[in-house]
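Structure first, commentary second.
Just so it is clear, none of the values below were taken in a lab; they were calculated from the coordinates. The structure displayed is predicted, hence computed values, not measured ones.
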Amino acid sequence: MRIDYLGHACFMVTGDSGKRAVFDPYEPGCFGGALRHAAPGVSAELVFVSHGHADHAAAGQVGGRPRVVDRPGAGKSGAAAWLGVRTFHDGSGGAERGGNVAYALKLDGVSFCHLGDLGHALSRAQAGEIGPVDVLFAPVGGHFTVDGRGAVEAARALSPRVLVPMHFKTPQVDFPIATLEDFLKTSPWPAERKGSAAEFAAGALPAPTALWIMEASR
């Protein structure tokens, strides 16, 4: 199994079967140039879009004519099965920034969860829908999403084996959000640096919870 961090909130996961899924591809230069990552430059069979903002919904940037999933509900494609869980982009039931879909993806025996731009604490019902999680991708920057403490709360609700932070301020992301270093000050788990790609065996993931820090490849 492999995870590639492409930048911002965009990851590609590749199963042992070779099936590839991309979460939340971005439009380079969107929001007046505030997002400066280069194009994702990958191909995949599946693309998951958490909501319609340009830094998360640029499915056209992914090659290979993928199937695009952009709404709640269950689906299946070969070695991949998923459930999109309805959540919100803010703490006001979507009144400020609208809806958001958190995706639980089971690929070749590994359960991934991408929270998109989650803006509130997960309810017990939402956590139950998502179910067991091996690898959790969680926003940590705050302002538009939960902050570092909110990400820790989400991880405690879902008990993933691995937590990968995303959606934080960098030289390529000029949004009014917190940095990764800000999150690390609040994290109760020691960080492991993984670079832009992490390979692992499905049965060799750590017990809850390891914190993997990844660097954008784009």
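Can you give the Rg/Rh ratio of the chain, where Rg is from the C-alpha atoms and Rh is the Kirkwood radius? The partial results should precede the final answer.
Values: Rg = 15.4 Å, Rh = 16.8 Å.
Using Cα coordinates only, the ratio equals 0.92.
So what is Rg over Rh here for segment 58-121, counting just Cα atoms and using Kirkwood for Rh? Numbers along the way, then the final one.
Numbers: Rg = 13.2 Å, Rh = 12.9 Å.
The Rg/Rh ratio comes out at 1.02.
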Directionally averaged shadow of segment 113-218, computed from the convex hull of its alpha-carbon atoms, nm²: 6.5
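Considering only DSSP beta bridges whose two residues both sit in the chain, what percent are antiparallel, to the nearest 5?
On the way: 34 of 56 bridges.
So the antiparallel bridges in the chain amount to around 60 percent.
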